[in-house]
Amino acid sequence: MRRLLWAAQVVGRMVTVIGMVTVVGAVASAGPLEAQAGLVTFASHINKYAAALRLEQVETLPSGKHAEVVMAMENSRPTYILRYDSAALAQPELLIRPMAYVQTVYLNLSASYGRMELQYNASMGSRAAMADREYQDLRFSYNLNAVRFAKSFLATATDNLDAKVDALTAHYEEEKARTQKLVNQAAKEVRAKDRKLQKARSESGILDALEAQELKLNDLVVRNDRAGVAKMLEAYLPFDVMEPFEAKIWAQWVEAIRHPDWKNTVVAIRGVDYETDKVQRLQLADGSEKLGFLSTVLTKNQGNYTRRLRSLTTNRQQSEDDIKPTKLLTDQYWNHSADPRASNFISFTLDPQVASGFVGAPKFKKNSIAAGGGVLAVRMDSRRLFPNMSSGLQGEIEYLAALIIFPDEVVSYKEIMSYQDSARVIESVVEEVKAKTGVTLVEQSGSLAEERFAKAGAEAFKRQLEAPGFGAPMCSGIFR
């Protein structure tokens, strides 16, 4: 209530406020100053707990628009930027839909990363992303409660605001039908692109030849054959049907496999459960062994481990009922945190206590006890091991590794034979990590730890956005 009164007083006009509805008589002093004050007050509301919105007045906007919302990585988070020109201040009804859009979406940080990815794909020329983004922008900016709330900040800025907004939104159903048609067409064309890729692969026989090789994917991993694994992944990854962001990040991960940067690394820990983790082992002549680890998309499927790489394509194919034309990598990050089964990623954390909670239970047999898992610590190129910025479980301090862990990335692995032994084993792993890397893994709890994790996630995502990548011709050639 004090917020709305301030917005009115700052331009010399007193109003009466009832709840969130502003009751105004004739607005004699309505104009750009009142609209600007309303925007400032709206931004203060959005930014009450975190700086999620920035206002930016510009000379002109593209495509005849007078107000729009774009996004950028600012203040260690995805930030919404409401851009507007002088015409929007003179006609405040033009600001309502952008304000309603922000009000609808700003609280969901995980989805905000997805919207940034969608914006990036559209900016790189993906017509599928353009269609998807236009449809989402329309739907969220017409949220009735958000529209009503946005109007409460601009009620002193113009006469008859309700009628003017109603006139602008009168064609909502036609706009919705138009954008839905674009989305449906894009989804249809993406499915056609999927079929084209499958046909080309079948006719070439490239994948069949790789699957017939004596050394399968898991054999190459435990032999630390990075070049062989990278070459194999390049054959199986469906770059032709990926959106620009996903394509460039997978290309970056493959490059990090082929040429790891050991000067920029992350050290993290994982609780291993033999129900889902199928440890790859290679016995050496001296009695030691090399260990490799694979994500569940490779351990839960059928066929040899090379053939299982086909899931990188089949798991992302569009069904006839799937009307969303774009597959977002940030959605895959979030899906992993919700359910890691059949995931392309392997979870890690910086917190040994969190890792201990994921260790598989010991297996009790008639006359013996077998380990049900253990504790794994790794040191990896930071391009391939990064904070899961899309996770809704920030207390887990979850880091994601893409697809594969090589033996030269394993710092320590120790099995846990009993619950009583758990604390000792974890302490032993932590000590070995410190001795080998100089990094001390400690408990990461409380709001400060979560804030550090959120900031690290934002910085990692910004690096992913800024990495050199592919344009639309590789990823969305079907829309040209």
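The values are calculated or read from the model by the stated rules, or taken from the named source; none is laboratory data. Please read these numbers as outputs of a predicted model, since none were measured by experiment. Cβ coordinates were reconstructed from backbone atoms using ideal geometry, including for glycine residues, and neighbour counts include every protein chain displayed. Calculation scope for accessible area: heavy atoms of the full protein, side chains included, ligands and nucleic acids excluded. Shrake-Rupley method; radii C 1.70, N 1.55, O 1.52, S 1.80 Å.
Inside region 377-420, can you point out the residues that are assigned to a strand (DSSP E or B), under 21 Å from Val254 (Cβ atoms) and acidic (Asp, Glu)?
Going residue by residue through region 377-420, those that are assigned to a strand (DSSP E or B) are 377-381, 385-387, 398-402, 404-405, 410-415.
Next, from what is left, pick out any that are under 21 Å from Val254 (Cβ atoms): 378-381, 385-387, 399-402, 404-405, 410.
Residue satisfying the conditions is Asp381 alone.
Taking the criterion of being without any contact (Cβ under 8 Å) to a residue 12 or more places away in the chain and either within 22 Å of Gln213 (Cβ to Cβ) or touching a Phe, Trp or Tyr at 6+ places or on another chain (Cβ under 6 Å) (or both), the only residue of region 263-283 that qualifies is Gln283.
With respect to the conditions (1) at pLDDT below 95; (2) of a type in the set (A, V, I, L, M, F, W, C); (3) within 30 Å of Lys327 (Cβ to Cβ), Leu118 lacks only one, and its number is (1).
Across region 267-292, the number of residues qualifying as open to solvent by 40 Å² or more (accessible area, probe 1.4 Å), of a type outside the set (Ser, Thr, Tyr) and not in a strand (DSSP E or B) comes to 6.
Screening the candidates Asn335, Asn304 for the property of being in a loop (DSSP other than H, G, I, E, B) and modelled with pLDDT of 90 or more yields one hit, Asn304. Can you go through Leu4, Leu95, Leu39 and tell me which one is at pLDDT below 95, part of a helix (DSSP H, G or I), open to solvent by less than 20 Å² (accessible area, probe 1.4 Å) and not polar (S, T, N, Q)? Going through Leu4, Leu95, Leu39 in turn, the sole match is Leu4.
Mind listing just one residue for me: the one in region 170-186 that is aliphatic (A, V, I, L, M) and in contact with a helix residue (DSSP H, G or I) (Cβ under 8 Å, 6 or more places away or on another chain) and, of those, surrounded by the most Cβ atoms within 10 Å (Cβ to Cβ)? Reasoning before the result, please.
Here is the first cut: in region 170-186, the residues aliphatic (A, V, I, L, M) are 170, 177, 182-183, 186.
Those still in the list that are in contact with a helix residue (DSSP H, G or I) (Cβ under 8 Å, 6 or more places away or on another chain) too: 182-183, 186.
Numbers: Leu182: 17, Val183: 20, Ala186: 25.
Here the residue is Ala186.
Can you tell me which residue is nearest to Phe364 (Cα to Cα) among those in region 415-466 that are surrounded by 12 or more Cβ atoms within 10 Å (Cβ to Cβ) and aromatic (Phe, Trp, Tyr)? Within region 415-466, the match that is nearest to Phe364 (Cα to Cα) is Phe453. Total residues in region 98-109 satisfying the condition of being open to solvent by 10 Å² or more (accessible area, probe 1.4 Å) and either among the hydrophobic types (A, V, I, L, M, F, W, C) or under 17 Å from the mean Cα position of the chain (by Cα) (or both): the figure is 4. Which residue, of Ala187, Ala230, is modelled with pLDDT under 95 and part of a helix (DSSP H, G or I)? Ala187 is the lone residue from the list that is modelled with pLDDT under 95 and part of a helix (DSSP H, G or I). Flag: Glu409 matches the condition of being over 16 Å from Pro352 (Cα atoms) and not hydrophobic (A, V, I, L, M, F, W, C).
Among the numbered conditions (1) surrounded by fewer than 17 Cβ atoms within 10 Å (Cβ to Cβ); (2) in a helix (DSSP H, G or I); (3) of a type outside the set (Val, Ile, Thr), the only one that Asp261 does not meet is (2). Scanning region 239-252 finds no residues that are surrounded by fewer than 21 Cβ atoms within 10 Å (Cβ to Cβ) and basic (Lys, Arg). Scanning region 244-275 for residues that are more than 24 Å from the chain's Cα centre (by Cα), over 24 Å from Glu234 (Cβ atoms) and not basic (Lys, Arg) yields Val272, Asp273, Tyr274, Glu275.
The residues listed here are Thr326, Thr330; of these, the one that is farther than 24 Å from Ile206 by Cβ, assigned to a loop (DSSP other than H, G, I, E, B) and not charged (D, E, K, R) is Thr326. Pairs linking a residue in region 70-99 that is more than 20 Å from Thr169 (Cβ to Cβ) and of a type in the set (D, E, K, R) to a residue that is open to solvent by less than 30 Å² (accessible area, probe 1.4 Å) and in a strand (DSSP E or B), with Cβ atoms under 6 Å and 6 or more positions apart or on different chains, are Arg83/Glu68. The residues of region 187-207 that are open to solvent by 40 Å² or more (accessible area, probe 1.4 Å), without any contact (Cβ under 8 Å) to a residue 24 or more places away in the chain and either over 30 Å from Ala122 (Cα atoms) or of a type in the set (Ser, Thr, Tyr) (or both), listed by number, are Ser202, Glu203, Ser204. Remark: pairs (first residue in region 208-220, more than 14 Å from Arg308 (Cβ to Cβ); second residue open to solvent by 70 Å² or more (accessible area, probe 1.4 Å) and not in a helix (DSSP H, G or I); Cβ separation under 9 Å; 6+ apart in sequence or on different chains) = Leu215/Arg223. Taking residues in region 47-67 that are acidic (Asp, Glu), and partners anywhere that are open to solvent by less than 80 Å² (accessible area, probe 1.4 Å), the pairs with Cβ atoms closer than 6 Å and at least 6 places apart or on different chains are Glu56/Ile81; Glu56/Arg83. If I filter region 290-301 for residues that are touching a residue at least 40 places away in the same chain (Cβ under 8 Å), small (Gly, Ala, Ser) and at negative phi, do I get at least one hit? Yes, because at least one residue in region 290-301 is touching a residue at least 40 places away in the same chain (Cβ under 8 Å), small (Gly, Ala, Ser) and at negative phi.
Under the condition of being open to solvent by 60 Å² or more (accessible area, probe 1.4 Å) and of a type in the set (D, E, K, R), the residues counted in region 61-92 number 1.
Among the residues of region 110-132, the ones that are under 16 Å from Leu465 (Cβ atoms) and either open to solvent by 40 Å² or more (accessible area, probe 1.4 Å) or without any contact (Cβ under 8 Å) to a residue 24 or more places away in the chain (or both) come to 3 in all. Has region 160-169 got at least one residue that is open to solvent by 20 Å² or more (accessible area, probe 1.4 Å), at pLDDT 95 or above and of a type in the set (S, T, N, Q)? Checking region 160-169: not a single residue is open to solvent by 20 Å² or more (accessible area, probe 1.4 Å), at pLDDT 95 or above and of a type in the set (S, T, N, Q).
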